[in-house]
1. Any chance segment 51-72 includes a residue that's more than 24 Å from Q27 (Cβ to Cβ) and charged (D, E, K, R)?
2. In the set D60, D77, which member is modelled with pLDDT of 95 or more and either more than 26 Å from R16 (Cα to Cα) or not in a strand (DSSP E or B) (or both)?
3. When residues of segment 32-50 are filtered for being surrounded by fewer than 14 Cβ atoms within 10 Å (Cβ to Cβ) and of a type outside the set (A, V, I, L, M, F, W, C), how many remain?
4. Could you list, in sequence order, all residues of segment 30-57 that are over 18 Å from R20 (Cα atoms), of a type in the set (G, A, S) and either modelled with pLDDT under 95 or in contact with a Leu (Cβ under 8 Å, 6 or more places away or on another chain) (or both)?
5. Are any of the residues in segment 24-31 among the β-branched types (V, I, T), out of contact with any Phe, Trp or Tyr (no Cβ under 9 Å at 6 or more places or on another chain), in a helix (DSSP H, G or I) and surrounded by 15 or more Cβ atoms within 10 Å (Cβ to Cβ)?
6. Of the conditions (1) touching a Lys or Arg at 6+ places or on another chain (Cβ under 8 Å); (2) in contact (Cβ under 8 Å) with a residue 60 or more places away in the chain; (3) more than 19 Å from N132 (Cβ to Cβ), T91 clears all except one; give me its number.
7. Output the qualifying pairs, or none if there are none: Cβ atoms under 6 angstrom, residues six or more apart or on different chains, first residue in segment 61-81 and within 15 Å of F45 (Cα to Cα), second residue among the aliphatic types (A, V, I, L, M).
8. Which condition number does R67 fail, the rest of (1) touching a Phe, Trp or Tyr at 6+ places or on another chain (Cβ under 7 Å); (2) more than 18 Å from T141 (Cβ to Cβ) being met?
Amino acid sequence: MSPSDSADNRRYNTRRTFDRAVELLLQHDMVGFAQLWAPAGTMDFPFAAGDQPTHLEGRDAVVEYLRHYTDMVDVRDVQVHAVHTTADPDTLVAEWAASGVVVTTGRPYRLPYIAVITVGPEGITGYRDYWNLAVVAEALTPIDATGDTA
């Protein structure tokens with residue numbers, strides 16, 4: 001993509017990249033998902049807590065971070081609620097949710113996200129992932145034999 005590409009073409013490419021990311025997530029292809037990143041692309045988690053990373057630098061870091069994602073979460077459905085264009089044709093804001101089962105606990109989960117995604121000629125250059133830490137913590141809490149959370 002060159003600077004001479006029209007804004008409409010750039011918006012289309014950005015949306016197509018998001019749509020491909022959703023497809024790969026549903027296929028449990030996290031390596032393919034991570035390969036959507038530009039070599040120097042970043043991933044940020046503004047709501048991360050504890051020892052969770054808040055910033056990943058580069059495609060290789062994204063690949064490593066997502067390497068065992070499907071060992072933890074079995075994504076079974078993705079609902080895209082809205083995709084908003086921005087003044088920057090390379091950036092969109094997606095409101096979406098992933099549903100499935102936490103592999104280690106067997107608990108169902110539905111995690112809503114807001115993602116701000118910027119795509120350049122080599123792939124995703126920036127991905128800010130806003131999610132609810134409380135939903136994640138609840139889904140990861142084991143259920144004991146009585147059905148209570150541990």
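The values are calculated or read from the model by the stated rules, or taken from the named source; none is laboratory data. Everything quoted here is computed from the prediction, not taken from an experiment. Cβ coordinates were reconstructed from backbone atoms using ideal geometry, including for glycine residues, and neighbour counts include every protein chain displayed.
1. Yes - at least one qualifying residue is present in segment 51-72.
2. From the options D60, D77, the qualifying one is D60.
3. Count: 3.
4. A48, A49, G50
5. First, the residues of segment 24-31 that are among the β-branched types (V, I, T): 31.
Now drop any that are not out of contact with any Phe, Trp or Tyr (no Cβ under 9 Å at 6 or more places or on another chain), which leaves 31.
Imposing the further condition that a residue be in a helix (DSSP H, G or I) reduces the set to 31.
Applying the additional criterion that residues be surrounded by 15 or more Cβ atoms within 10 Å (Cβ to Cβ) yields none.
So far as segment 24-31 goes, no, none of its residues is among the β-branched types (V, I, T), out of contact with any Phe, Trp or Tyr (no Cβ under 9 Å at 6 or more places or on another chain), in a helix (DSSP H, G or I) and surrounded by 15 or more Cβ atoms within 10 Å (Cβ to Cβ).
6. (1)
7. Sorted first by the residue in segment 61-81, then by its partner, the pairs are V62/A34; V62/M43; V62/L56; Y65/L56; L66/M30; L66/A34.
8. The single condition R67 does not satisfy is (1).
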